[in-house]
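Inspection log for the structure reproduced underneath, given as structure tokens.
The values are calculated or read from the model by the stated rules, or taken from the named source; none is laboratory data. As the structure is a computational prediction, the values presented were derived from the model and not from experiment. For neighbour counting, all protein chains shown are included, and Cβ atoms are generated from backbone atoms with ideal geometry for every residue, glycine included. What goes into the accessible areas is simple: the full protein's heavy atoms, side chains included, and nothing from ligands, DNA or RNA. Shrake-Rupley method; radii C 1.70, N 1.55, O 1.52, S 1.80 Å.
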Amino acid sequence: MSSRIGAQRTDVVIVGAGPVGLFAVFECGMLDIRCHVVDALAEVGGQCSALYPEKPIYDIPGYPTIMAGDLVDRLVEQAAPFEPVYHLGQQVTTLETGTDGAWRVGTSAGTVIEATAVIIAAGVGAFGPNLPPLAGIEAYEGSAVHYLVRRREDFRGKRVVIAGGGDSAVDWAISLAEVAAHVAVVHRRDRFRAAPESVNRIQELAADGKLEMVIPYQLAGLEGDGTVLEAVIVGDLDGNQRRLDADVLLPFFGLAQDLGPIADWGLALDRKQLAVDPATCATTRDGIMAIGDVVTYPGKLKLILSGFAEAAIAAHALHPLIHPGEALHFEYSTTKGIPGHD
Ligand SMILES: Cc1cc2nc3c(=O)[nH]c(=O)nc-3n(C[C@H](O)[C@H](O)[C@H](O)COP(=O)(O)OP(=O)(O)OC[C@H]3O[C@@H](n4cnc5c(N)ncnc54)[C@H](O)[C@@H]3O)c2cc1C
């Protein structure tokens with residue numbers, strides 16, 4: 001996947017290579033619309049790749065279960081016949097009017113792309129984890145402190161402290177209890193914000209001594225030589241402290257949602273999301289559509305399958321702009337096949 005420096009021209013720039021942006025390449029391709037795709041992350045797949053590649057998803061139509069990472073692989077494969085140009089590891093920073101009414105998109109790496117239209121599929125924006133305020137934590141990031149789990153095998157035989165009370169904390173505690181030497185779950189209260197079956201399961205594991213609940217405690221400090229972690233210090237509201245032997249700390253305090261530069265592009269926002277017309281996925285600026293987790297409209301569901309449908313809607317709505325004067329005859333993929341791939 002290449003990233004080229006210099007002004008380039010295409011039909012549509014897709015901002016975000018999450019599952020929804022990837023599927024937009026396919027939907028555009030089926031309507032003879034060429035795409036460049038830009039993502040701030042070094043790999044495609046958005047949240048699926050960055051946050052939960054080894055988790056099974058159960059609500060993708062036609063797949064009773066599929067690993068998030070496998071779904072991304074299939075989306076890339078499905079988009080490939082349309083030869084999208086990927087620009088990875090660079091954030092879209094600017095959106096300006098270019099020549100001949102085109103949009104001019106600029107990235108943090110200096111790439112400039114001119115396009116007739118833009119589809120924003122930026123998910124929760126330039127996402128990053130909410131960080132616990134622990135002195136010196138940066139020194140351990142990447143070695144002993146991780147904000148997401150890519151491969152659970154990395155934690156085999158390790159003493160793991162998990163902090164948080166949401167889905168990620170609960171799900172990974174359950175999963176890592178099978179491979180880690182010891183799992184301690186630090187949470188500030190006795191209630192978890194996770195699926196009821198998972199909460200039941202974590203409580204069963206705790207009752208069976210397969211993991212330890214450290215409740216009601218919060219993270220208070222780290223002990224180690226600045227590279228190798230030895231212990232996590234936790235404290236309760238009464239000022240009591242405990243020292244938990246640990247090789248690894250996994251703080252799961254959710255994602256910081258930050259639209260980043262997109263918030264400055266003059267598009268109507270509704271609670272930090274882009275307000276779109278659900279009939280077209282159009283934003284408040286001509287030729288700029290938005291789809292997936294980044295949008296809101298009445299009844300919006302933040303699900304991958306909703307984003308897929310929005311990708312189809314946006315591509316169809318853009319057709320008259322990309323191919324003016326050309327009639328768009330609605331066709332099923334079964335009738336049409338993949339253009340150029342019989
Ligand atoms: C743990 C977990 C489990 C989940 N389980 C399910 C499930 O079972 N079923 C389901 O339907 N959904 C599930 N989801 C939600 C699902 O992952 C999201 O709905 C989906 O990822 C949204 O896709 P997207 O392409 O809109 O956005 P994202 O996946 O968020 O991708 C957006 C991409 O845009 C990029 N980006 C943002 N701003 C810029 C910029 N300015 N320049 C360049 N790139 C930018 C980001 O780097 C990111 O890669 C789950 C989410 C999590 C965290």
Inset, instruction - Go through region 46-67 residue by residue and tally those that are more than 7 Å from the ligand (Cβ to nearest atom) and free of Cβ contacts under 8 Å to residues at least 60 places away in the same chain. - result: 8
Legend entry - Residue list for region 89-104, restricted to those being part of a strand (DSSP E or B) and more than 9 Å from the ligand (Cβ to nearest atom): Thr94, Leu95, Glu96, Thr97, Trp103, Arg104
Inset, instruction - Could you list all residues from region 72-100 that are without any contact (Cβ under 8 Å) to a residue 60 or more places away in the chain and aliphatic (A, V, I, L, M)? - result: Val72, Leu75, Val76, Ala79, Ala80
Inset, instruction - Sort out which residues of region 176-212 are open to solvent by 60 Å² or more (accessible area, probe 1.4 Å) and either hydrophobic (A, V, I, L, M, F, W, C) or over 29 Å from Gly239 (Cβ atoms) (or both), and write them in order of number. - result: Glu178, Ala181, Pro196, Glu197, Asn200, Arg201, Glu204, Ala207, Asp208, Lys210
Legend entry - Any pair with Cβ under 8 angstrom, 6 or more apart, that starts in region 230-243 at a residue that is within 25 Å of Ser143 (Cα to Cα) and in contact (Cβ under 8 Å) with a residue 12 or more places away in the chain and ends at one that is of a type outside the set (D, E, K, R) and outside any strand (DSSP E or B): Glu230/Ala246; Ala231/Ala246; Val232/Ala246; Val234/Tyr217; Gly235/Tyr217; Arg242/Tyr217
Inset, instruction - Output the residues belonging to region 138-157 that are buried (at least 18 other Cβ atoms within 10 Å of the Cβ) and away from the ligand (no atom under 16 Å from the Cβ). - result: Tyr140, Ala144, Val145, Phe155
Legend entry - Test result for Pro133, of a type outside the set (A, V, I, L, M), over 12 Å from Ala7 (Cβ atoms), touching a strand residue (DSSP E or B) at 6+ places or on another chain (Cβ under 7 Å) and surrounded by fewer than 18 Cβ atoms within 10 Å (Cβ to Cβ): no
Legend entry - Number of the condition not met by Gly325 [criteria: (1) at pLDDT below 95; (2) at negative phi; (3) more than 25 Å from the chain's Cα centre (by Cα)]: (2)
Inset, instruction - Just give me the residues in region 115-134 being in a strand (DSSP E or B) and in contact with a helix residue (DSSP H, G or I) (Cβ under 7 Å, 6 or more places away or on another chain), in sequence order. - result: Thr116, Ala117, Ile119, Ile120, Gly125
Inset, instruction - Give the residue, chosen from Leu274, Leu318, that is open to solvent by less than 30 Å² (accessible area, probe 1.4 Å), assigned to a helix (DSSP H, G or I) and touching a residue at least 24 places away in the same chain (Cβ under 8 Å). - result: Leu318
Legend entry - Residues of region 214-228 that turn out to be open to solvent by less than 70 Å² (accessible area, probe 1.4 Å), farther than 22 Å from Val170 by Cβ and assigned to a loop (DSSP other than H, G, I, E, B), as a count: 1
Inset, instruction - State whether one or more residues within region 9-22 are open to solvent by 60 Å² or more (accessible area, probe 1.4 Å), assigned to a strand (DSSP E or B), away from the ligand (no atom under 15 Å from the Cβ) and under 28 Å from Asp286 (Cα atoms). - result: yes
Legend entry - Residue, nearest to the ligand (Cβ to nearest atom), within region 299-308, restricted to residues that are open to solvent by 60 Å² or more (accessible area, probe 1.4 Å) and aliphatic (A, V, I, L, M): Leu303
Inset, instruction - With the condition kept exactly as written, say whether any residue in region 79-100 is among the charged types (D, E, K, R) and within 16 Å of the chain's Cα centre (by Cα). - result: no
Legend entry - Exclusive hit being under 18 Å from Ile119 (Cα atoms) and either in contact (Cβ under 8 Å) with a residue 60 or more places away in the chain or open to solvent by 80 Å² or more (accessible area, probe 1.4 Å) (or both), set Ala279, Ala311: Ala311
Legend entry - Hey, Val76 modelled with pLDDT of 95 or more, surrounded by 21 or more Cβ atoms within 10 Å (Cβ to Cβ) and either within 14 Å of the ligand (Cβ to nearest atom) or among the basic types (Lys, Arg) (or both) or not: no
